[in-house]
Amino acid sequence: AGDPQFTVQLVKDWVERELLIPTNQGFAFAPGVEEAPPWDAAALWGRRVERVLQGFPEEQGRVLELAAVLGRGVDRTIWEAATTREGLLPAVGLVGAVCRAGLGRGDGGASWVFAHPALVDALRGRASRGERRVLARRAAAVVLEERISAGTPELNERLGRHLVGAGESEKALQPLLDGLERCIMAG
């Protein structure tokens, strides 16, 4: 479907599930496996995430969901503040495991990035199934409000989007207007 990253992730999924065997012509599906490429990207990303999470406590799924709610690029300080508000903390090694699995990129420092927007969508969908997405949006909004009060006005637009996602549209108006004004002034 014109998405090379999907192909890479699909083959990684097959390798992790031990569906491929080496042959003289390259790799082939193991006997009895008749895998057709799943065109459901969310299901593929979801399986890959679940395999990473197998090595961590159950609540680490919520920790990753919250990271996805914050966006494809994750500012570690904002993410950790938002998880703390939810009574959670990222486990030591979680980001490293995500990156080693090819689901993210980063050096373990102040920020990291999810590998693909479809992965972010899959994690946000996972959060929606448990109605945790609204809670994550509220936690993100509180943290962003604190950052804006401390002198980081460039976060207004993000704050507004999180407030809308948390069902607080009226409260989102001023931050969205402030963000729009900032964009206009920047040209």
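Read-outs: derived from the displayed coordinates by stated rules, not from any lab. Source: prediction; values computed, not measured. Glycine gets a Cβ as well: all are built from the backbone with ideal geometry, and neighbour counts include every protein chain shown.
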Give the angle, between 0 and 90 degrees and rounded to the nearest 10, that separates the Cα long axis of helix 132-149 from the longest principal axis of the Cα atoms of the chain. 50
If one takes the longest principal axis of the Cα atoms in the chain, at what angle in degrees, from 0 to 90 and to the nearest 10, does the Cα axis of helix 4-16 lie? 60
Run the paramagnetic zone check for ARG51: 7 angstrom along Cα to Cβ, then residues of segment 92-111 with backbone nitrogen under 16 Å. 97-104
Let me check I have the definition right: for segment 9-124, take the eigenvalues of the Cα gyration tensor, multiply each by 5, take square roots. What are those semi-axes in whole Å, largest first? 31, 13, 13
If you build a Gaussian network model of the chain, linking Cα atoms that sit under 10 Å apart, which residue out of GLU80, GLU131, GLU59 swings the most? GLU131
Can you tell me, using C-alpha contacts under 8 Å and at least 6 residues apart, the relative contact order of the chain as a whole percent? 17
With a ≥ b ≥ c from the Cα gyration tensor eigenvalues, square-rooted, and the rule rounded for a/c under 1.5, otherwise prolate when a/b > b/c and oblate otherwise, segment 53-121 is rounded
So how far, in whole Å, is the C-alpha centre of segment 36-90 from the one of segment 113-181? 16
List every residue whose amide H lies under 5 Å from the amide H of LEU20, counting only residues 5 or more places away in sequence or on a different chain, with H placed 1.01 Å from N in the peptide plane. ALA30
Using Cα atoms only, what is the angle between the long axis of helix 60-70 and the major principal axis of the chain, expressed in degrees (0 to 90) to the nearest 10? 60
